[in-house]
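Notes for the one structure printed next.
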Amino acid sequence: MIGLPAASDDDAAEAVIDFVDSLFADIGLPRSLREIGVGHDELADLAKLAAGLGRLTATAPIPVDEAVLLAILESAWRGSEKA
């Protein structure tokens, strides 16, 4: 895939993640909510708003509530840990 050798599915997944991370860096795309100006103090309000969107929560692949959404937003705020 994408010309990247892989010995296993896990290796292939890691190679694709590394490729996309490098691509983002090469073209200057932000990798976090923080990099686009979202304040950490805004995350709780964003999670509350997202939890109120029934079409978002109803189609999620896992049960979601405000706490789960906040955890996702926290991760998105921190961005790539490989950067």
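Every read-out reported here was derived from the displayed coordinates using simple, explicitly stated rules and does not represent laboratory data. Predicted model, so just to flag it, every value in this text is computed and none were measured. Cβ: placed from backbone, ideal geometry, glycine included. Neighbour counts: every protein chain shown.
Here are the numbers for the structure shown:
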| read-out | value |
| --- | --- |
| Inverse mean reciprocal Cα-Cα distance (Kirkwood Rh) of the chain, Å | 14.8 Å |
| Label-zone membership for segment 40-83, site Arg34, 7 angstrom Cα→C-beta point, backbone N under 19 Å | 40-47, 70-83 |
| Sequence-separation-based contact order of the chain, relative, with Cα cut under 8 Å and 6+ spacing, percent | 31 percent |
| Amide proton proximity set for Gly79, modelled H, under 5 Å, gap of 5+ | Leu33 |
| Helical contribution to [θ] at 222 nm, DSSP H n ≥ 4, -39,500 (n - 2.57), averaged over the chain, rounded to 500 | -17000 deg cm²/dmol |
| Under the span-like rule (Cα at least 15 Å along the axis, Kyte-Doolittle mean at least -1.0), DSSP H helices of the chain | 9-27, 66-78 |
| Label-reachable residues, segment 23-52, where backbone N falls under 11 Å from a point 7 Å from Thr59's Cα toward its Cβ | none |
| Qualifying trypsin sites (Lys or Arg not before Pro) in segment 12-83, DSSP loop, other Cβ atoms within 10 Å at most 15 | Lys82 |
